[in-house]
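The values are calculated or read from the model by the stated rules, or taken from the named source; none is laboratory data. It should be emphasised that the depicted structure is a prediction, and the values quoted were computed from it without experimental measurement. Neighbour counts are summed over all protein chains in view; Cβ atoms, including those assigned to glycine, are modelled from backbone coordinates with ideal geometry.
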Amino acid sequence: MRDEVWIVEYDPGWVDRFERERGQLLQALRSDIGQIEHIGSTAVPGFAAKPIVDILMGLQQLIPTDDQICRLEQLGYVYEGQVLSISEHHFFRKGMPRRFHLHIAQPGSPFWQRHILFRDFLRAHPNQAEEYISLKRSLATQFRHDRKAYAASKTPLIEAMLSKARAWQHQEF
């Protein structure tokens, strides 16, 4: 099946999709969940994005148990394990074409903080968000069939924006 990179205009339904999926995750994993956040481009109002809802979930432990993986698989998730050698992050995807990305990380970890800070920075800085959208559109055209190259090519701008976001967090931006 095709797993191409497409950027689409903002869809206010993304928030509803997140909330419905959040409810299913809470029902499936009950007290195992510490926190659930909507992250990524679909979490930024007005932001063009790949139509994939990114969910950041904190479990009581970092590595999902076999039972938790089984319960997530029953919801349609596919466990990818640790991706990109990021030891503080476990990854699941759902749907083909993809509809959800589920990131498991410890609340407060550097991975967690980075994703929340980036989301909040883009929400608060529309000019920065527009710069990021422009890059994403260009890269989606260039790397339509290469998801890894698309993601890697965004990294320099993301890192620069995270630097600004840290300054903003400390009221220097």
Could you tell me how many of the residues in segment 149-173 are closer than 16 Å to ALA129 by Cβ and among the aromatic types (Phe, Trp, Tyr)? 2
Mind listing whichever residues of segment 119-171 are without any contact (Cβ under 8 Å) to a residue 12 or more places away in the chain and of a type in the set (A, V, I, L, M)? ALA149, ALA151, ALA152, ALA160, ALA167
State which residue is farthest from ARG20 (Cα to Cα) when the search covers only segment 36-63 and only residues that are β-branched (Val, Ile, Thr), touching a His at 6+ places or on another chain (Cβ under 8 Å) and in a loop (DSSP other than H, G, I, E, B). ILE63
Within segment 124-141, identify whether any single residue is at pLDDT 95 or above and under 12 Å from the mean Cα position of the chain (by Cα), and answer yes or no. no
Can you spot a residue in segment 78-85 that is hydroxyl-bearing (Ser, Thr, Tyr), assigned to a loop (DSSP other than H, G, I, E, B), farther than 21 Å from GLU159 by Cβ and out of contact with any Leu (no Cβ under 6 Å at 6 or more places or on another chain)? no
In segment 83-134, the residues that are touching a Phe, Trp or Tyr at 6+ places or on another chain (Cβ under 7 Å), aliphatic (A, V, I, L, M) and under 24 Å from PRO64 (Cα atoms): VAL83, ILE86, LEU102, ALA105
Could you tell me how many of the residues in segment 1-31 are basic (Lys, Arg), touching a residue at least 12 places away in the same chain (Cβ under 8 Å) and within 29 Å of LEU59 (Cα to Cα)? 2
Picking from ALA160, ALA124, ALA105, the residue that is buried (at least 20 other Cβ atoms within 10 Å of the Cβ) and farther than 17 Å from PRO51 by Cα would be ALA105
